[in-house]
Each structure stands twice: as C-alpha cells, then as structure tokens.
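The values are calculated or read from the model by the stated rules, or taken from the named source; none is laboratory data. Note that this is a predicted model, so its numbers are computed, not measured. Cβ atoms come from the backbone with ideal geometry, glycine included; neighbour counts cover every protein chain shown.
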Amino acid sequence: MQNLIDIMDLSIGEIDELIAKAKDIIAHPDVYRDKCRYKKLATLFFEPSTRTRLSFEAAMMELGGNVLGFSDAGSSSATKGESVSDTVAVVSGYADIIAMRHPKEGAPVVAAMKSDIPIINAGDGGHNHPTQTLTDLLTIKMEKGRLDNLTVGLCGDLKFGRTVHSLVAALSRYTGIKFVLISPQELKLPSYVKESYIKKNGIEYEQTTSLEDVIDQLDIVYMTRVQRERFFNEEDYLRLKDSYILDAGKMSKAKDDMIVMHPLPRVNEIAVEVDSDPRACYFKQAKYGKYIRMALILKLLEVE
Ligand code: NCD
C-alpha cells in the first residue's frame, strides 16, 4: 500500500506516469467511468477547503465510486477530543482510500501509521500540499509543454504557503529551473525549504521584494494568498495582505507567453481584470486538479 504524504514520495517517473494518465483521462473520460465502482473515498477535512475537497469528490464520482466524509472538524468527533489516529483507524474500516486535510503539520504521517488504507495528504498546516503540486505540474505541462527550462516566479506568502513548499521541492528535480522568490521580508521561503531543495540541487534562484522588477523574466508567475489563518496576530496580516497585486499594468510588462497560476482561493492578489487575459491559467488549473486526482486515486488503489 502506498500513501501520498509528501510530493517527494513520488519519483519523477511516477509523476510523469500520473501526468500521462491524467491526459488520457481528459482525452477518453468514458474509459474511466466505472474504474472505481464499489470503491469509497473518505474526505476528512479538519480545515476549510473548496477546490481540494470538491475536486477529490468529483474525481471519485467520475471514476464511478462513492464518497463520504466531513468538511468541518466541528461536525466530527474531533470536537469531543478524538485523536486523528483514532478517527483514521475507524474510517479505514469504512472506506478504501482517505484524503485528509489538517491544520497540524505532520498529521497525515500520524494518520498513515494507523491506517490500513492509502492516505493522501490534502494539506497539512503550513507544511505541504502534494496534490496541489500534482495539479500545478499538470497545468505547467499542459500550458507550457514542458517541466524543465523554466523561470518560475513564486510571489506572496512563501513562508506559510504550503503549495509553494511542495512545488519548490518538485520542480527542484527538473533541469534548467530558475526560481525567483518574491515576498516581503517577513514572508520569505523558510530556510529548510531553500536548503533541502534549492541549494541541495544547485538550482539557480533570486530573492526580491518587487514583482514589478522581475516580471519580464518570468515564464510562470505563481501568485499566492497571504495565509491569514497561520498568522500570530491580525495586525501583521493587515499590514502584509496586499503586498502584491497583479494587475493589467504589471501584466503589460510580462512575456507574451508567461502564464499566471494561483492555487486559489484568491483574495486581492490578482485583479479581476487579469481574468480575461489569455495568460491567466488559474481557473484552468483548478479544473486540471480533478483529472490528476483521478489519476492518483487509480494509482493508489492499484486499479488497472
Ligand atoms: C491552497 C491551500 O489550501 O493551501 N488552496 C488549495 O488547496 N487550492 C492555497 C490557499 O489556501 O491559499
């Protein structure tokens, strides 16, 4: 049995296979309609979510399977003091696979120790979000045609943004990648992420506080929301929340084939006027998330 806790649990070869499978699902959805008949996916969401949970549920439904779960820790026995381990031990008797989101870093590792069925980390605190990264990689492959030789700008809350941490880890294994890390001083990429992936792999990178100064170099700009729920005080959040706003003026300085990505939800960091720019990919990105999760469910359930 295999889990997906961290994007590094997958080799580059396995990621390529998942991307190829997702493309095949997009091209031939009918072939997959009954692949998970009689299988159940449990979504255990101890933290808010729209895309991740609903795309997991839609993915399982499109494979002919069923879904059960909760979308709010407040409606689960967590409020009575049940541990994650106990919840998972019980749910692994009801379902075939679990997608779990939790505010505590490392919770999915603990869950995996108590589970008889595959566990997928659907986001753990400010740590990791591997299925968002699979979504991002599929988006890059579909929209840019490659996963190498790219200058990737990561902009916003690089400290608490778990999607950024997983994406940096994943892209650091490809060749010809350059990262441009754009954030306020207080929200810089954690040094453990920089050391373990960027520096360890000798990846070229640049750090800046100005999006405007660097946007013309980028093949991809990956915007992120300032992660209010991870701040220790509201004042700091209010001061930093509008650090970057990508608007038509900034887009006019970017390459014609740059793509704009965002894991969503967006707050203010991309002006609505950018939505009609053909380089805006974030809604397409959310759609790709369903297909790559279908591919992942098939892989973890070992369905041919
Ligand atoms: C992200 C997350 O939950 O980390 N959302 C998502 O899954 N698409 C990004 C965010 O909440 O800012």
- Find all pairs meeting these conditions: Cβ atoms under 6 angstrom apart; at least six residues apart or on different chains; first residue within the range 146-171 and in a strand (DSSP E or B); second residue surrounded by 21 or more Cβ atoms within 10 Å (Cβ to Cβ) and not hydrophobic (A, V, I, L, M, F, W, C). Leu154/Tyr222; Cys155/Tyr244
- Answer yes if at least one residue in the range 245-262 is within 16 Å of the ligand (Cβ to nearest atom), modelled with pLDDT of 95 or more and within 30 Å of Lys39 (Cα to Cα), and no otherwise. no
- Residue identified as at positive phi, hydrophobic (A, V, I, L, M, F, W, C) and within 22 Å of the chain's Cα centre (by Cα) among Leu298, Leu218, Leu264: Leu264
- Wholly within the range 21-140, helices (runs of 4 or more DSSP H) carrying at least 3 residues that are within 16 Å of the ligand (Cβ to nearest atom) and not assigned by TED's automatic domain parsing to the domain that holds Glu229: 51-62
- Message: Let me spell it out: the conditions are (1) within 16 Å of the ligand (Cβ to nearest atom); (2) more than 22 Å from the chain's Cα centre (by Cα); (3) free of Cβ contacts under 8 Å to residues at least 24 places away in the same chain, and Leu240 meets all of them except one. Which number is the exception?
- Response: (3)
- Filter the range 53-83 for residues that are out of contact with any Phe, Trp or Tyr (no Cβ under 8 Å at 6 or more places or on another chain) and either surrounded by 22 or more Cβ atoms within 10 Å (Cβ to Cβ) or β-branched (Val, Ile, Thr) (or both) and give the result. Ser55, Phe56, Met60, Thr79
- Task: Report whether or not Glu204 is farther than 23 Å from Thr135 by Cα and touching a Leu at 6+ places or on another chain (Cβ under 7 Å).
- Result: no
- Message: Can you confirm whether Val303 is closer than 29 Å to Ala59 by Cβ, away from the ligand (no atom under 16 Å from the Cβ) and either over 23 Å from the mean Cα position of the chain (by Cα) or modelled with pLDDT under 95 (or both)?
- Response: yes
- Message: Please pick out the residue among Arg293, Arg266 that is within 12 Å of the ligand (Cβ to nearest atom) and assigned by TED's automatic domain parsing to the domain that holds Leu41.
- Response: Arg293
- Message: Looking only at the range 278-304, how many residues end up being buried (at least 18 other Cβ atoms within 10 Å of the Cβ) and either acidic (Asp, Glu) or not in a helix (DSSP H, G or I) (or both)?
- Response: 3
- Message: Residue pairs, Cβ under 6 Å, 6 or more apart or interchain, first in the range 1-21 and modelled with pLDDT under 95, second assigned to a helix (DSSP H, G or I) and surrounded by 15 or more Cβ atoms within 10 Å (Cβ to Cβ). List them.
- Response: Gln2/Leu300
- Note on the structure: Of the candidates Val226, Val221, Val214, Val267, the one satisfying the condition of being in a loop (DSSP other than H, G, I, E, B) and in contact (Cβ under 8 Å) with a residue 60 or more places away in the chain is Val226
- Query: Failed condition for Pro184, given (1) of a type outside the set (Ser, Thr, Tyr); (2) surrounded by fewer than 21 Cβ atoms within 10 Å (Cβ to Cβ); (3) within 14 Å of the ligand (Cβ to nearest atom), with all others met?
  - Reply: (3)
- Item | the range 145-157 - residue that is under 19 Å from Gln217 (Cα atoms) and within 18 Å of the chain's Cα centre (by Cα) and, of those, nearest to the ligand (Cβ to nearest atom) | Gly156
